[in-house]
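Structure first, commentary second.
The values are calculated or read from the model by the stated rules, or taken from the named source; none is laboratory data. The model shown is predicted, which means the values in this text are computed figures rather than measured ones. Note that we place each Cβ from the backbone using ideal geometry, even for glycine, and neighbour counts take in every protein chain shown.
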Amino acid sequence: MPLSQVLPPEPLLLMGAGPVPIPHAVAQANGVVINHLGETMGKVIENVKSMAQYTFQTQSPFVLGVAGPSSAAMEMAMTNLLWPGRKALILENGTFSNRLGQMAHGVGASITRIISKEPSPININEVEEALKKENFDVVTLVQGETSCGVYNANLREIAALCKSYGALVVVDAVCTLTTMPLKMDDWQLDVVITGGQKGLSSIPGVSLIAFSEESWRTIEKRGKTGPHWCYSALRAQEFWVKHNYHYTAPVPGILAMYEALRLICEETLEARFDRHKKSSLALQAGIEGMGLRLYVPKEYRLNSVVSIDLPPGVDGYSMRKYMNEKFKVEIADAFGHNIVRIGQMGEQCRSHNLFRTLHAMGMGFIHVGYGVDLAAGMAAMEDLLVKD
Ligand SMILES: Cc1ncc(COP(=O)(O)O)c(C=O)c1O
């Protein structure tokens, strides 16, 4: 059966928590295969790295691509910096920050967790108490916890604190990179991880990771003794620095990443942050304007993924199904919370996508019997979108 008969006649507008819509140039690049070790690929790799350095805001030469989802890049960080006898402090506010802990445990490190009650950010005082009691080799945290929509706005302060205690800081910026400021070098972050399918508006399955000079020294000291081949950072360096064989690289995905990064560099980070902020705040105003409640308080609400409370008795599944079928718009449910989530990453932050999504959601709520003031919501959103 041809794929065209499996896919819906009209693609859904992807307004969930990722993957997100991709620009045409990214889609085109994803259809090209070239020799992964040829001279042309060498140029591609060098350009991808320098554009990635800009997005991570780092001068570090240790920027690598990973063939795999963001979780593979998370795994690369954990397996290269942790092993039996090493200690990690895991700062958790949801599914993905918890995943870093599971990975650290999986590679045999001893772990201590600080778990914030959802939805709330990491409390820096609790981090300091833990650091005073014990020496940790690594501290992990997310910039934005997609699963519930919490933003750790104190990332910079937490990183500075952890560095003052001698720990390496690993940051999951999977849903936040290029949607809001992150300055790897200025903020003393040792490892930053991101995926393709969110803020970068590339395809899923090819990710990026950047290591600081300090974290790289730890990796070099250990050598190639770790259990992994694909996730060995030293082996990956063969391809990403020396252009030699490590494994057959995911060529189309790297070319897609190239175009995604090029578009980011052309837009500039500052303009991109502004576009994301303006779009997300307008969406939030629209949601509240129609009479719905946002799940996370404003002070630590993540702009990249907006969580909306489902009022008691509202069937979120039927509401989202109606949005899919009637309006061809998809938003996300959540990891066990009574919320739905709308993504505000990359191409999702375009006003035509916002209007279509907010309208479809309002109609969805009305369809399942929950009265919202759709016109007021649309007006509130428009009001902020047209403001300079
Ligand atoms: C903050 C965060 N970290 C990690 C991941 C895992 O990404 P992937 O599914 O690409 O492995 C996600 C995916 O939603 C995420 O939002």
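Only one of these is touching a Leu at 6+ places or on another chain (Cβ under 8 Å) and within 30 Å of ALA25 (Cα to Cα): GLN143, GLN197. Name it. Break it down into steps so the answer makes sense when it comes.
Working: GLN197 fails: touching a Leu at 6+ places or on another chain (Cβ under 8 Å).
Every option except GLN143 fails the conditions.
Within the range 165-214, how many residues are in contact with a strand residue (DSSP E or B) (Cβ under 9 Å, 6 or more places away or on another chain) and of a type in the set (Lys, Arg)?
Counting residues in the range 165-214 that are in contact with a strand residue (DSSP E or B) (Cβ under 9 Å, 6 or more places away or on another chain) and of a type in the set (Lys, Arg) gives 1.
If you take the residues of the range 166-223 that are surrounded by fewer than 24 Cβ atoms within 10 Å (Cβ to Cβ) and hydroxyl-bearing (Ser, Thr, Tyr), which of them is nearest to the chain's Cα centre (by Cα)?
The residue in question is SER212.
Would you mind stating whether SER97 is of a type in the set (Gly, Ala, Ser) and more than 17 Å from PHE335 (Cβ to Cβ)?
Numbers: of a type in the set (Gly, Ala, Ser): yes; more than 17 Å from PHE335 (Cβ to Cβ): no.
It is false that SER97 is of a type in the set (Gly, Ala, Ser) and more than 17 Å from PHE335 (Cβ to Cβ).
Among the residues in the range 338-345, are any free of Cβ contacts under 8 Å to residues at least 60 places away in the same chain, crowded, with 23+ Cβ neighbours inside 10 Å and within 16 Å of the ligand (Cβ to nearest atom)? Spell out how you get there, then give the answer.
Going through the range 338-345, the residues free of Cβ contacts under 8 Å to residues at least 60 places away in the same chain turn out to be 338, 340.
Next, only the ones that are crowded, with 23+ Cβ neighbours inside 10 Å stay: 340.
Narrowing the set further to residues that are within 16 Å of the ligand (Cβ to nearest atom) leaves 340.
The answer is yes; a qualifying residue exists.
Can you find even one residue in the range 155-164 that is in contact with a strand residue (DSSP E or B) (Cβ under 7 Å, 6 or more places away or on another chain), surrounded by 24 or more Cβ atoms within 10 Å (Cβ to Cβ) and assigned to a loop (DSSP other than H, G, I, E, B)?
no
Going through GLN143, GLN102, GLN59 one at a time, which residue ends up being touching a Cys at 6+ places or on another chain (Cβ under 9 Å) and modelled with pLDDT of 95 or more?
Numbers: GLN102 fails: touching a Cys at 6+ places or on another chain (Cβ under 9 Å); GLN59 fails: touching a Cys at 6+ places or on another chain (Cβ under 9 Å).
That would be GLN143, the only listed residue that is touching a Cys at 6+ places or on another chain (Cβ under 9 Å) and modelled with pLDDT of 95 or more.
Looking for something more than 16 Å from the ligand (Cβ to nearest atom) and either within 19 Å of SER50 (Cβ to Cβ) or in contact with a Pro (Cβ under 7 Å, 6 or more places away or on another chain) (or both) - is there at least one such residue anywhere in the range 187-210? Quick ask: steps written out before the conclusion?
Taking the range 187-210 as the starting set, the residues that turn out to be more than 16 Å from the ligand (Cβ to nearest atom) are 187-188, 190.
Imposing the further condition that a residue be either within 19 Å of SER50 (Cβ to Cβ) or in contact with a Pro (Cβ under 7 Å, 6 or more places away or on another chain) (or both) reduces the set to none.
No, that holds for no residue.
Quick check on GLY149: is it within 12 Å of the ligand (Cβ to nearest atom), in the same structural domain as ASP190 (by TED's automatic domain parsing) and on the phi > 0 side of the Ramachandran plot? First the steps, then the outcome.
Details: within 12 Å of the ligand (Cβ to nearest atom): yes; in the same structural domain as ASP190 (by TED's automatic domain parsing): yes; on the phi > 0 side of the Ramachandran plot: yes.
Criteria met by GLY149.
Name the single residue that is surrounded by the fewest Cβ atoms within 10 Å (Cβ to Cβ) among those in the range 122-135 being under 19 Å from TRP187 (Cα atoms) and more than 16 Å from the ligand (Cβ to nearest atom). Walk me through it before giving the result.
Restricting attention to the range 122-135, the residues satisfying the condition of being under 19 Å from TRP187 (Cα atoms) are 122-125, 127-128, 131.
Still in the list and also more than 16 Å from the ligand (Cβ to nearest atom): 123-125, 127-128, 131.
On the way: ASN123: 15, ILE124: 15, ASN125: 9, VAL127: 21, GLU128: 15, LEU131: 18.
If we take residues in the range 122-135 being under 19 Å from TRP187 (Cα atoms) and more than 16 Å from the ligand (Cβ to nearest atom), then ASN125 is surrounded by the fewest Cβ atoms within 10 Å (Cβ to Cβ).
Before we move on, is GLY31 away from the ligand (no atom under 12 Å from the Cβ) and modelled with pLDDT under 95?
It is false that GLY31 is away from the ligand (no atom under 12 Å from the Cβ) and modelled with pLDDT under 95.
Which is within 13 Å of the ligand (Cβ to nearest atom), part of a strand (DSSP E or B) and of a type outside the set (D, E, K, R), of VAL174, VAL170? Can you show your working first?
On the way: VAL174 fails: part of a strand (DSSP E or B).
When all the criteria are applied, what remains is VAL170.
Taking the range 66-113 only, how many residues are touching a residue at least 60 places away in the same chain (Cβ under 8 Å), within 16 Å of the ligand (Cβ to nearest atom) and not aliphatic (A, V, I, L, M)? So that I can check it myself, show each step before the final result.
Taking the range 66-113 first, the residues touching a residue at least 60 places away in the same chain (Cβ under 8 Å) are 66-70, 72-81, 83, 89, 91, 94-97, 100, 107.
Subset that is within 16 Å of the ligand (Cβ to nearest atom): 66-70, 72-79, 91, 94-97, 100.
Okay, now just the ones that are also not aliphatic (A, V, I, L, M), so 68-70, 75, 79, 94-97.
Of the residues in that region, 9 qualify.
Let's see how each residue does on (1) more than 17 Å from PRO227 (Cα to Cα); (2) part of a loop (DSSP other than H, G, I, E, B):
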site	(1), (2)
LEU64	yes, no
GLU75	no, no
THR79	no, no
GLY85	no, yes
ILE90	yes, no
ARG99	yes, no
ALA104	no, no
ARG113	yes, no
